[in-house]
Amino acid sequence: MLGALGMLAVTLLAFYIFSSPERLTRIALRLNWKINGDHAPFYVALDMGFYKDVGLDVEILQGTGSASTVKLIGTGSNYLGYADAGTMIKGVAGGLPVKAVGVLVQMSPMAVIFLPTNPIQSPQDLMGKTIALTSGDSLSQIFPAFLAANGMSPSDVRIISFPTPWAKEEALLRGDVDAFLGYYLAQPVRLKMAKNIDLGWLTFAEAGVNTLSNSVIVNSRFLREQPDVVRKFLLATQKGARATLDNPEQAAQILSKYSAGAALNFAACKMQIEVALKLLHTARTVNKPIGWTCSEDWEKTLELLGNYTGLRVSGDPSNYYTNDYLSDIK
């Protein structure tokens, strides 16, 4: 028989078990790169407790390019990622089992970025120019489509690969290259804030190549086996995006807190977030839930990649994306 101390121990154990909070499910999100303005929904959701509210303990990991992130998700090294949709499509064509479950950047932020003293006003101005890109990033995957759609090929330009975005930026400032490929919501803002340097840019979209861009992607097996985790993650992320839309200044404060190592201060974060929020929807999805995409936009992206990059893509967009796990948060 249990003595008084034994009964007390049993009582305390039972109290602990039945009164303790539900254990959180741990999951990591692998970003496409270092912190940028379009990452705000994730950090807002983390900081405001939206992930914990749905029972998730989310760790946000920075990335080294969309191609790397797609590979990590496809091989199961991570289960959730954030990567460019066109780069994900290329990964699927290569046999990686990944799928997009929500797209937070639906208007492409990709651009050819240059100094105003050496302007590039049309794609044809790139003929014979030296262009810097970052090895393995999403822009390097889509640039062939940009060239082909405008009657050019990679042989018409001189391409130099650099290991980091900062290296290609410095190459431009030194005059070693004529332009670099980047996101106009990122590098121009950072250089303006850090060094008071003005840059110009020619967007891929205005040159006829608008592909769906940064998306929440999931390992296909994980999606089948853990659909509730994916659904909860998206719900909290949509809440983070809604909070960012409602209060961009608060979102910038949160993002700058987490981006100290990325040298993004509050002003830079605010500028990046304001640009990113304009890319959240296409004309077809403006009244739809955050992250929701339509088959027509996927078909256009697939058409561009199929016609201009030589990828063998499926004509069925459902092989690449689903809206089934999103909530109705607008």
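The values are calculated or read from the model by the stated rules, or taken from the named source; none is laboratory data. None of the values given here were measured: they were computed from a predicted structure. Cβ sites come from the backbone with ideal geometry, for glycine too, and all protein chains shown count toward neighbours.
Worth a mention:
Residue-by-condition table, conditions (1) under 23 Å from G49 (Cβ atoms); (2) free of Cβ contacts under 8 Å to residues at least 60 places away in the same chain; (3) among the acidic types (D, E):
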position	(1), (2), (3)
A251	yes, no, no
I254	yes, no, no
K257	yes, no, no
A268	no, no, no
A276	yes, no, no
A283	no, yes, no
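- For segment 271-330, a residue qualifies if it is in a helix (DSSP H, G or I), over 19 Å from the mean Cα position of the chain (by Cα) and among the hydrophobic types (A, V, I, L, M, F, W, C), and exactly one does: L304.
- Being over 16 Å from K99 (Cβ atoms) and of a type in the set (S, T, N, Q) is a description that does not apply to Q226.
- Out of A276, A252, A267, A243, one residue alone is surrounded by fewer than 19 Cβ atoms within 10 Å (Cβ to Cβ) and either of a type in the set (G, A, S) or outside the structural domain of H39 (by TED's automatic domain parsing) (or both). It is A267.
- Hits in segment 38-58 - residues which are of a type in the set (D, E, K, R) and in contact with a Leu (Cβ under 7 Å, 6 or more places away or on another chain): D38, K52, D57
- K90 being among the basic types (K, R) and surrounded by 20 or more Cβ atoms within 10 Å (Cβ to Cβ): yes
- When the test is whether a residue is within 26 Å of the chain's Cα centre (by Cα), charged (D, E, K, R) and closer than 15 Å to I120 by Cα, D178 does not pass it.
- Filter result for L96 (among the hydrophobic types (A, V, I, L, M, F, W, C), more than 17 Å from W33 (Cα to Cα) and touching a Lys or Arg at 6+ places or on another chain (Cβ under 7 Å)): yes
- Conditions (1) at pLDDT below 95; (2) crowded, with 20+ Cβ neighbours inside 10 Å; number of the one not met by G315: (2)
- Residues that are of a type in the set (F, W, Y) and under 11 Å from the mean Cα position of the chain (by Cα) within segment 63-108 comprise just one, Y82.
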